[in-house]
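Everything below concerns the one structure shown next.
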Amino acid sequence: MSRITRRSWAEPYKIKMVEPLLRTTRSHRAKAMADAGYNTFLLHSDDVYIDLLTDSGTSAMSDNQWAGMMLGDEAYSGSRNFYHLEENVRQYYGYKYLIPTHQGRGAEHLLSRILIRPGMFVPGNMYFTTTRLHQELAGGTFVDVIIDEAHDPASLHPFKGNVDLGKLEDLIRRVGPDKIPYVSVAATVNMAGGQPVSMENMREVRSLCDRHGLKIYLDATRAIENAWLIKCREEGFAHRSVADILRELCSLTDGCTMSGKKDLLVNIGGFLALNDPAVFEEARSLVVVYEGMHTYGGLAGRDMEAMARGLVEAVQDDHIAARVGQVEYLGNRLLEYDIPIVRPIGGHAIFLDARGFYPHLEQDLFPAQTLAAEIYLDSGIRSMERGIVSAGRDEKTGQHRYPRLELVRLTIPRRVYTQAHLDVTVESVVTVFDERHKVKGLHMTFEPKYLRFFQSRFAPVSG
Ligand SMILES: *Cc1c(COP(=O)(O)O)cnc(C)c1O
C-alpha cells in the first residue's frame with residue numbers, strides 16, 4: 001500500500017516567460033499609500049508587490065493566444081478574427097448574434113440604452129457597479145432581487161447568487177411587466193463574493209419570466225466559473241463538462257453582456273451576444289457610434305483573436321479546476337487562522353469581512369477601505385474595497401448607501417501567481433488581523449461624481 005492517499009491538482013501549464021516582482025520597504029509603502037490618498041486604485045503598480053486588486057485584464061495569456069496576436073487581421077471591416085470569435089461564442093455560449101465591444105461596460109451601455117426607458121425597473125441578483133450605473137443613466141431603477149443569504153457573509157448557502165423568486169414576483173406585481181425591460185442575472189455574483197447561481201434557480205427564473213413575457217440578460221463575465229461551481233456543488237452535474245453546463249446556463253437566457261477581461265483570459269475585450277434579431281439590429285447600429293464598426297467594436301483584430309482562443313482554453317475543465325482551486329487554497333489557509341472571510345469560497349477571489357476585523361469602526365470610517373490600506377502597508381499586496389465606498393450614494397437622497405457587506409477583495413488573476421505568492425498573502429493578512437485593535441479608520445477628502453471607489457481620496461483619522 002502506498003502512503004499517499006490523494007493526488008494534488010497542479011496548474012495545467014508551465015511557465016515560459018517571467019516578469020520580475022519588486023519588494024519595497026515599509027517607509028516606501030507609507031509614502032506611496034499617502035500619495036495615493038489611501039486608495040489602492042491610485043497606487044502606481046510599480047509600488048505593488050503582489051497585485052490582487054482585480055482579476056480583470058490581468059490574466060496571463062498562453063503561447064497559443066500570443067501566437068494568435070500575430071495573426072491579427074487589422075482590416076477596418078470584416079476582420080477574419082471577428083468571424084473566428086463569432087464562431088466560438090456561438091459554439092460555447094450558444095447565442096446567435098455577436099457584437100464585440102472594448103470591454104464589458106461597452107456592452108452594458110448598448111444594452112441599457114436600447115432596452116431601458118425612464119421610469120423602468122431592472123431587477124438583478126445584487127448590483128455590479130458599472131452595470132447598475134448604465135441602467136441608471138438610461139433612466140432605470142435597479143432593484144435587488146438576490147436571496148437574503150447573499151447579504152450574510154456567514155451563510156453557507158452553496159448558491160448565494162440565486163434570485164429570490166418571491167422578490168422578483170413582488171416587483172412584477174407591483175410595477176407590472178411592462179415596466180421591466182429585462183431581468184439582469186449575473187453569474188457569478190461578484191459583489192456577493194463570487195457566489196454562483198444554481199441551474200435549478202435559473203430554470204425557475206426562466207419559467208417565471210416566460211409566464212410574464214420577460215427577457216433575461218446574463219452578465220456572463222464569470223459564467224464559466226459559475227458553471228464549474230455548479231459542477232462541484234449541484235446534484236446531477238458532477239459528470240458533465242463545464243462547456244456543456246455553460247451552454248445550458250446560457251440557453252436559459254436571451255443574451256449576455258461579457259467582460260472578456262475575466263473568464264476569457266485576455267487583457268482587453270468584451271461583447272454583447274444576443275438571440276433577438278431586433279435588439280441585434282439596434283445594437284449593431286448603435287455600436288458604431290460608441291465603440292466602432294460592428295465587426296471590431298473598439299478592439300484590434302489581434303485582441304479578438306486572443307479572446308477567441310482564450311475562450312476555448314477557459315472552458316477546459318483542467319483550467320477552471322486549477323483556477324478555482326487556487327482561490328480555494330488561499331481561502332482555506334486563511335480559515336486555518338480563523339480569519340473572517342465570506343463563505344462559501346467563491347470563484348475568483350477571497351473576500352475579507354472588514355467588519356470582523358474592525359468591529360470598533362463605524363461604517364462611516366470606511367473599515368474595508370482601511371483594511372485594504374493596512375494590507376498594502378504591511379506587505380505591498382494590493383487588494384480593493386467592496387463596501388460603503390463602492391456602494392456610492394443614493395441617487396435621490398445623496399446620502400451614502402450603507403451596504404451590509406463591508407468587504408476587501410483579494411482577487412486572483414488567472415495563471416499569474418504561484419502557491420508561494422498565496423502563502424505570503426496569508427502571512428500578511430494574518431499579521432494585519434493580529435494588529436487590528438490599533439486601527440482608527442479613514443475619512444474621505446475627495447469624492448468624484450461617478451463610481452467613486454476608483455478615484456476618491458482618504459486620510460487617516462487621527463487621535
Ligand atoms: C468587470 C465586470 C463588469 C464590467 O466589465 P469591464 O470589462 O470592466 O467593463 C461587469 N460585470 C461584472 C460582474 C464584472 O466583474
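Residue pairs whose Cβ atoms lie under 8 Å apart, sitting 6 or more positions apart in sequence or on different chains, and linking a residue in region 1-21 that is farther than 20 Å from Ser45 by Cβ to a partner that is open to solvent by 100 Å² or more (accessible area, probe 1.4 Å), are Pro12/Asp318. Looking at region 400-418, can you tell me whether even one residue there is of a type in the set (Asp, Glu), within 21 Å of Ser45 (Cβ to Cβ) and within 21 Å of the chain's Cα centre (by Cα)? No: zero hits. Based on what the data block shows, is Val324 at pLDDT below 95 and in contact with a Phe, Trp or Tyr (Cβ under 8 Å, 6 or more places away or on another chain)? Considered against the rule, which asks whether it is at pLDDT below 95 and in contact with a Phe, Trp or Tyr (Cβ under 8 Å, 6 or more places away or on another chain), Val324 comes out as no. Contact map, region 249-261: residues that are farther than 26 Å from Gln65 by Cα paired with residues that are open to solvent by 10 Å² or more (accessible area, probe 1.4 Å) and within 14 Å of the ligand (Cβ to nearest atom), Cβ distance under 7 Å, separation 6+ or inter-chain. No pairs are found. Looking at region 250-267, is at least one residue within 19 Å of the chain's Cα centre (by Cα), under 25 Å from Arg113 (Cα atoms) and part of a helix (DSSP H, G or I)? Checked against the condition, which is being within 19 Å of the chain's Cα centre (by Cα), under 25 Å from Arg113 (Cα atoms) and part of a helix (DSSP H, G or I), region 250-267 yields at least one hit.
Just checking, does region 67-86 include any residue being of a type in the set (Asp, Glu), open to solvent by 50 Å² or more (accessible area, probe 1.4 Å) and in the same structural domain as Ile224 (by TED's automatic domain parsing)? Yes, some residue in region 67-86 is of a type in the set (Asp, Glu), open to solvent by 50 Å² or more (accessible area, probe 1.4 Å) and in the same structural domain as Ile224 (by TED's automatic domain parsing). Only residues that are in contact with a strand residue (DSSP E or B) (Cβ under 9 Å, 6 or more places away or on another chain) and either within 30 Å of Tyr83 (Cα to Cα) or not assigned by TED's automatic domain parsing to the domain that holds Phe82 (or both) were counted across region 100-127, and they come to 15.
Restricting region 262-275 to residues that are surrounded by fewer than 24 Cβ atoms within 10 Å (Cβ to Cβ) and within 12 Å of the ligand (Cβ to nearest atom), the residue that is nearest to Thr411 (Cα to Cα) is Asn267. When you scan region 22-45, how many residues do you find that are touching a Phe, Trp or Tyr at 6+ places or on another chain (Cβ under 6 Å) and in a loop (DSSP other than H, G, I, E, B)? Final tally of qualifying residues: 3.
Considered as a group, the residues in region 23-66 that are over 27 Å from the mean Cα position of the chain (by Cα) and over 17 Å from Thr370 (Cα atoms) include one that is surrounded by the most Cβ atoms within 10 Å (Cβ to Cβ), and that residue is Thr24. Scanning region 257-285 for residues that are in contact with a Ser or Thr (Cβ under 9 Å, 6 or more places away or on another chain) and among the hydrophobic types (A, V, I, L, M, F, W, C) yields a total of 7.
The values are calculated or read from the model by the stated rules, or taken from the named source; none is laboratory data. This is a predicted model, so every value here is computed, not measured. Neighbour counts are summed over all protein chains in view; Cβ atoms, including those assigned to glycine, are modelled from backbone coordinates with ideal geometry. All accessible areas refer to the heavy atoms of the entire protein, side chains included, with ligands and DNA or RNA removed. Shrake-Rupley method; radii C 1.70, N 1.55, O 1.52, S 1.80 Å.
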